[in-house]
Ligand SMILES: *Cc1c(COP(=O)(O)O)cnc(C)c1O
């Protein structure tokens with residue numbers, strides 16, 4: 001090959017977009033630990049610890065709690081492919097980009113899609129779901145807990161009750177929110193829940209934690225038709241992750257080390273303390289954004305603490321703002337998705353990024369790049385956030 005390659009050197013970044021988020025030094029170290037075989041007794045111990053830590057973050061006792069060896073979208077696909085049989089009616093609540101992805105998967109896996117459309121920026125009410133279920137025969141319902149495209153946090157506890165009253169099972173997407181806010185899978189009676197490694201868990205992308213309760217397991221084991229994916233078949237996967245330990249695929253050993261270490265950090269901090277930290281840093285960030293005279297896309301009561309679209313001021317190109325933040329400060333924020341494309345930028349305060357230093361840096365940097373683009377902020381965001389931290 002007749003070309004030169006430079007040495008890998010991405011430089012320093014602050015990953016304050018919709019994921020991946022910053023990783024702790026200990027997680028980098030875990031990734032560089034020596035490889036062992038995936039059926040090595042040492043790795044088997046790591047697998048057991050990983051499952052236990054997953055149960056801790058999901059707040060569940062579910063036996064079927066494993067990391068899928070692929071990204072969050074594969075977690076989504078695992079849930080739909082295992083639970084849909086051809087012709088099954090499936091209700092999907094679409095309030096943004098990822099709800100729409102769920103709907104696409106239902107159709108690809110042979111389900112009969114019943115779709116209810118929510119307004120972007122507003123969560124679904126339990127009565128909307130009840131009405132939809134009264135008018136169809138869906139026995140499976142999918143909803144996104146934190147819709148990363150809009151920044152809405154969707155209450156799901158009452159929806160789970162309604163789904164159960166109709167004899168159905170509920171799938172909840174917690175890719176963006178697991179580890180950042182309270183999602184007690186067992187006490188909310190979420191039947192099926194999936195997440196991703198790279199958002200509030202602050203591990204590298206490429207792993208999708210999944211948990212399923214006994215109702216979901218029984219439905220899967222009682223299927224009349226085979227699951228239309230070999231790789232994501234939970235029955236086969238549980239023979240690998242369960243006590244049989246029979247070869248299914250080769251677990252990505254280093255990524256599992258990393259996920260385990262990231263969850264160990266969450267365990268050491270304590271889940272509740274982590275939730276409080278996410279809430280505090282969101283509150284300081286909000287104070288800063290409000291003081292600067294900028295606007296959130298979502299009304300306050302519906303906002304998730306870990307991801308928020310901020311509307312670009314009139315006449316300001318949000319892509320230019322993002323470009324300057326990355327160029328001048330190494331800060332990555334996300335662009336707007338779907339209806340918000342070109343109108344908003346999305347700020348993530350996920351996992352290791354939910355820190356005072358990140359919030360203060362971002363607010364200060366934002367003030368400077370806005371000025372550079374010709375927009376004078378109303379007041380200092382940094383000072384307003386400082387008041388929150390000092391109180
Ligand atoms: C990021 C995300 C996904 C997809 O995860 P990938 O790891 O990108 O495949 C799904 N749902 C939500 C809510 C997300 O934020």
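Annotations for the structure displayed:
- Helix 97-108 vs. the chain, principal-axis angle (Cα, 0 to 90°, nearest 10): 30 degrees
- Degrees, to the nearest 10: 41-58 long Cα axis against longest axis of the chain: 70 degrees
- Over the range 24-139, relative contact order from alpha-carbon pairs under 8 Å, at least 6 apart, %: 20 percent
- Normalised by 2.2 N^0.38 Å, where N is the number of residues, the C-alpha radius of gyration of the range 105-251 stands at 1.10.
- Neighbour-count order for 136, 200, fewest beta carbons within 10 angstrom listed first: 136, 200
- Bridge orientation summary for the range 96-218: considering DSSP beta bridges with both residues in this region, about 35 percent are antiparallel.
- Spacing of the two label points (7 Å from each Cα toward its C-beta) at residue 56 and residue 225, in nm: 4.1 nm
- The spacing between the range 142-187 and the range 84-118, judged by their C-alpha centroids, is 15 Å.
- Helix axis angle, 356-372 relative to the chain longest principal axis, alpha carbon, degrees: 50 degrees
- Listed from fewest to most Cβ neighbours within 10 Å, the set 202, 32 follows the order 32, 202.
- Placing a label point 7 Å from the Cα of residue 29 along the Cα-to-Cβ direction, the residues of the range 159-203 whose backbone N falls under 19 Å of that point are 202-203.
- At an R0 of 22 angstrom, the distance between the Cβ atoms of residue 189 and residue 134 translates into a FRET efficiency of 0.65.
- R0 of 51 Å, Cβ-Cβ distance residue 290-residue 267: FRET efficiency to nearest 0.05: 0.90
- Neighbour counts of other Cβ atoms within 10 Å put 250, 148, 283 in the fewest-to-most order 250, 283, 148.
- Within the chain, percent of DSSP bridges classed antiparallel, to nearest 5: 50 percent
- Helix-only mean residue ellipticity at 222 nm for the chain, each DSSP H run of n ≥ 4 adding -39500 (n - 2.57), per residue, nearest 500: -13000 deg cm²/dmol
- Whole-Å distance, taken between Cα centres, linking the range 53-79 and the range 190-210: 7 Å
- Relative contact order of the chain: 23 percent, from C-alpha pairs under 8 Å at least 6 residues apart in sequence.
- Centroid-to-centroid separation of the range 332-347 and the range 218-262 [C-alpha atoms, Å]: 35 Å
- Orientation-averaged projected area, Cα convex hull of the chain (nm²): 21.3 nm²
Since every read-out is calculated from the coordinates, none of them should be taken as a lab result. Keep in mind it's a predicted model, so treat the numbers as computed, not measured. Positions of Cβ are backbone-derived with ideal geometry, glycine not excepted, and every protein chain shown enters the neighbour counts.
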